[in-house]
Each structure stands twice: as structure tokens, then as C-alpha cells.
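J.: Provided herewith is a single structure, encoded as C-alpha cells, for subsequent inquiry.
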Amino acid sequence: MTSFNDFNFHQAIEESIDAMGFTKPTPIQVQTIPLILENKDLIACAQTGTGKTAAFLLPVLQRIMENNDFDGTKLLVIVPTRELAMQIDQQLQGFTYFVPVSTVAVFGGGAGDVWDQQKSAISAGVNIIIATPGRLISLINLDYLRAETLQTLVLDEADRMLDMGFYDDIVKIISKLPKKRQTLMFSATMPPKIRKLAKKILTKPEEVNISLAKPAEGVLQGAYLVHDEQKPQLLMDLLRDKPELKSILVFSATKLNVKSLYKQLKQSGFSCNAIHSDLEQHERVTVLNDFKNRKLQILVATDIVSRGIDIESIDLVINYDVPADAEDYVHRVGRTARAELTGVALTFINSRDVRNFKDIEALIGSEVHKLPLPPQLGEGPEYTVSKSWNSDKSQWKGKQKGKSGHKEKKIKKNQS
Ligand code: AMP
């Protein structure tokens, strides 16, 4: 069994891995980190959620530390969406807490001063750039990119980038990069067009294939159909008088919700704390440690911890909201029933989240048992996709801007 120690990372990197709460490498990290450290090109079939970001960031940081060379841009990561850029940047912030490299995330939108910051970081030769293709092309066209020192190029979610029509942009970006470089390509699927691109831009690549795990066998999964206004009461009913459950994780979509649930639970006398992106890194570590050490019974959390923690044997996970991404559900539920133990995962589904939950059931390949609400709560909604939710995504977007009740999904992405 490989441990992070086996990679012989620089001490600062080991410390940042510790601070992130990672105790052992995921399968993709075990397989790819040694290859990346050997400077091999790589094509990896792996979805988000497998730990692929750390798989490429850690060896690159190691190389920078090892060479003690902090001059110029060393790593360029190209990603399809702003959300993924932010997600990678967030992990990078964690890893670079003790490692003195400069980083910038470059994507469209934002005010003029954001553009100015991106411009000056790139032209100053920032060590690591995470970029969406469109914005990077704009910067290249204005001749801001300084790529002479580049050592590694990562194409993340390559299949999605091609689906979004970024092929020409990617080829153009690559034409501006040094020929002698390491190229790593990550893709959730391997259709022929991805193979074709790989052939064009990779040199004698190693291949790694990791598929996303389904929730462990031991997890008992259940779900409640519940209106928003019934949720706080249901949560209280489920948590009350459960001293036998030593570790309970409650996930909610927004930090606002997390803060308010924490307040309610605290006022009702529960042993609990909350974790969300408003906390400093050291505060997060303290809260997580208290939870791991069983000083707290209940931890209320946004998405930031759904994948980042590895705590053995959480007894109960409650999804106060349905996770927006089906894979996040697998990760959250994966917090229970580790190491063959049994655990319980319960999800609260309101009428707007029925569609998302059906997606989750499709991903995990089974129907989750719908549990009756406690009688004092009255009736919940039906398990049918609500009529106001049209399958046309553009209508959905229009609604997000309008009615406040529909904002939740948008907030989920930005505030976790
Ligand atoms: P990714 O597939 O890179 O999007 O990573 C998914 C999540 O897994 C992120 O939230 C990471 O913080 C987390 N993660 C990555 N590596 C590990 C690890 N070795 N142990 C625990 N969590 C990890």
C-alpha cells in the first residue's frame, strides 16, 4: 500500500498534504505521481472526484521545489470551465500554503481590474497558470504569455473541452508553447477524437485508467421528500437522542445555510461545529481535527469537505440539500462505511431537486429508498420532476435570475 511518504516529497509539500487532511493517496495518485515525477507524458482516463488535481499538482510542485527554480511559468493547466479553474485554484491555494510558488487562475468574466491582474501575473511569468482556453487565447493574442520556461502542460477534462468546441484554441495555444515539455492529458472518456488529439500532442504517453467508485456496499442510503420549510424540523428529529452516533456530517449547499443550521443546532444543545469557505485554512484544520478526534458529534459543512476529508467510519451523513453534481453525492456518501464498516446516508429532496436526485440514481445505478416523513411534519412533495422545472436549460437559467427561490443552484457553485 503506497503512502504519501513513498513519493519522497519535499517537506513543505508533505506539510501541505497534511494540512489538506489527506492521509493516503487515491488510486490515480498512486498510479500517476511516480510517472509524472519521471517526466513522462500521460493520458489518464479519470473523472473529477478521483483526486486527479492533486495527482498533477503535487509532482509539479515537487519539481519546482527540488530544482529550487521559481523563475517563470512552469505549469499551464487548461480547463474547460471557470468552475473547474476555480476548483483547481482552490486546491492549489491549499497546497501552496507552505510552498512559495505564484499562481493565477485566468478565466473570462469579472471586472476590468481582474483582467489587469491576470495580464500582469501572466506577463510577469507567474509559476502556475490555470486557464480557460478563450481567456488564454486573448492574452496570447496580446502577446502577454511568457512560455519559454514552461515545463508541464495539463489538459484537464479534455473530452469536455472538445465537446465545447475548443479544439482549434487548444492547438493554437500549444503552438505557442516550447516543444520540449511534459504533457499530461486527463479525460473522463476516451472517444476517438481524444485519441487523435493525444497522438498529436503527447510523446510516448503512459496510459492510466481509473473509474469512479460507486458508494461502498455497506452504506444504507435513504431519502426524504421534504419541503424547504420542513427541513429544519426533520433535521432536529433525526439528530435528537442519537448518542450512539459518534460522528455525523451534515452537508448543505450554501455557507449561509451552513451557518444558520450550525446556529440552530448549537442553540438546541448539540455538540457541533461548522466548516465553510469563510474560515481560514488553520480554522478549518482545527474544526476538522476536532471532528476526527470525536470532540464534536456533528459537523455541518459545505462542499469543500465532501471530498477533502478522509475520516474513518462516519456513522451518518445527511445531505440537507441534494448535491448539484451527481458525483458529489457519491463522494459524500463515501464518507460513511469506509473500511467495510456500515454507515447511513440520508438525503433531503425538495421538489426542485427531484431531477438532480434522479440523475444521482442513474449514476449509482439504483433507486434510493424514499422514507416516510415523521407524521408531525405533514406531507412532503411528490417524487416527480416539478412542472415549473422545464427540461430546457436556457429556461432554467432565466429563472435563476428572476425568482429568489430558484437561486439555490447557482449559489451552490459559487459559495461552497
Ligand atoms: P479531484 O478529482 O482532483 O477534483 O479531487 C476530488 C477531491 O478529492 C478534492 O476535493 C480533493 O481535495 C480530494 N482529494 C484529492 N486527493 C485526496 C486524498 N489523497 N485524500 C483525500 N482527499 C483527496
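J.: Report yes if some residue within segment 288-301 is of a type in the set (Val, Ile, Thr) and either surrounded by fewer than 22 Cβ atoms within 10 Å (Cβ to Cβ) or at pLDDT below 85 (or both); otherwise report no.
T.: No, that holds for no residue.
Okay, residues lined up against (1) assigned by TED's automatic domain parsing to the domain that holds Gly94; (2) within 7 Å of the ligand (Cβ to nearest atom); (3) farther than 17 Å from Arg181 by Cα:
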site: Phe9; (1), (2), (3): yes, no, yes
site: Ile17; (1), (2), (3): yes, no, yes
site: Lys24; (1), (2), (3): yes, yes, yes
site: Pro27; (1), (2), (3): yes, no, yes
site: Val30; (1), (2), (3): yes, no, yes
site: Asp41; (1), (2), (3): yes, no, no
site: Thr53; (1), (2), (3): yes, yes, yes
site: Pro59; (1), (2), (3): yes, no, no
site: Arg63; (1), (2), (3): yes, no, no
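J.: Between a first residue in segment 100-112 that is more than 18 Å from Thr81 (Cα to Cα) and a second residue that is in a loop (DSSP other than H, G, I, E, B), which pairs have beta carbons less than 6 Å apart while being 6 or more apart in sequence or on different chains?
T.: Val101/Asn127; Ser102/Val126; Ser102/Asn127
J.: Filter segment 314-337 for residues that are in contact with a helix residue (DSSP H, G or I) (Cβ under 6 Å, 6 or more places away or on another chain) and surrounded by fewer than 22 Cβ atoms within 10 Å (Cβ to Cβ); which is modelled with the highest pLDDT?
T.: Ala324
J.: Still on this structure, I have one more. Could you grab me the full set of residues in segment 161-211 that are surrounded by 14 or more Cβ atoms within 10 Å (Cβ to Cβ), more than 24 Å from the chain's Cα centre (by Cα) and hydrophobic (A, V, I, L, M, F, W, C)?
T.: Ile173, Ile174, Leu177, Leu197, Ala198, Ile201, Leu202
One line per residue, one yes/no per condition, for (1) within 16 Å of the ligand (Cβ to nearest atom); (2) in the same structural domain as Cys45 (by TED's automatic domain parsing); (3) at pLDDT below 85:
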residue: Leu239; (1), (2), (3): no, no, no
residue: Ser260; (1), (2), (3): no, no, no
residue: Leu265; (1), (2), (3): no, no, no
residue: His276; (1), (2), (3): yes, no, no
residue: Glu280; (1), (2), (3): no, no, yes
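J.: A follow-up question, please. Name the residue, out of Thr149, Thr81, that is more than 20 Å from Ile17 (Cα to Cα), over 18 Å from the mean Cα position of the chain (by Cα), surrounded by fewer than 17 Cβ atoms within 10 Å (Cβ to Cβ) and in the same structural domain as Arg195 (by TED's automatic domain parsing).
T.: It is Thr149.
J.: If you don't mind, another one. Which ranges mark the helices (runs of 4 or more DSSP H) fully within segment 126-213 that have 2 or more residues being free of Cβ contacts under 8 Å to residues at least 12 places away in the same chain?
T.: In segment 126-213, the matching helices (runs of 4 or more DSSP H) lie at 133-141, 167-175, 192-201.
J.: So, one more: Does any residue of segment 214-225 turn out to be hydroxyl-bearing (Ser, Thr, Tyr) and touching a strand residue (DSSP E or B) at 6+ places or on another chain (Cβ under 7 Å)?
T.: Yes; the residues of segment 214-225 include at least one that is hydroxyl-bearing (Ser, Thr, Tyr) and touching a strand residue (DSSP E or B) at 6+ places or on another chain (Cβ under 7 Å).
J.: Ok, one more. Considering only residues of segment 348-381 that are aliphatic (A, V, I, L, M) and at pLDDT below 90, which is farthest from Leu249 (Cα to Cα)?
T.: Filtering first and then ranking leaves Ala362.
J.: So which residues in segment 216-253 are in a loop (DSSP other than H, G, I, E, B) and closer than 19 Å to Ile360 by Cβ, if there are any at all?
T.: Within segment 216-253, Ala216, Glu217, Gly218, Val226, Ser252, Ala253 meet the criteria.
J.: Hey, another quick one. Would segment 70-82 turn up any residue that is more than 18 Å from Asn127 (Cβ to Cβ) and either away from the ligand (no atom under 16 Å from the Cβ) or outside any loop (DSSP other than H, G, I, E, B) (or both)?
T.: The answer is yes; a qualifying residue exists.
J.: Quick one: which residue in Lys180, Lys196 is more than 22 Å from Ile64 (Cβ to Cβ) and among the basic types (Lys, Arg)?
T.: Only one candidate qualifies: Lys196.
J.: Any residue that is out of contact with any Leu (no Cβ under 7 Å at 6 or more places or on another chain) and part of a helix (DSSP H, G or I) - is there at least one of those in segment 92-106?
T.: yes
The values are calculated or read from the model by the stated rules, or taken from the named source; none is laboratory data. These numbers were taken from a predicted model, which means no experiment stands behind them. Here the Cβ is made from the backbone with ideal geometry for all residues, glycine too, and neighbour counts use every protein chain on show.
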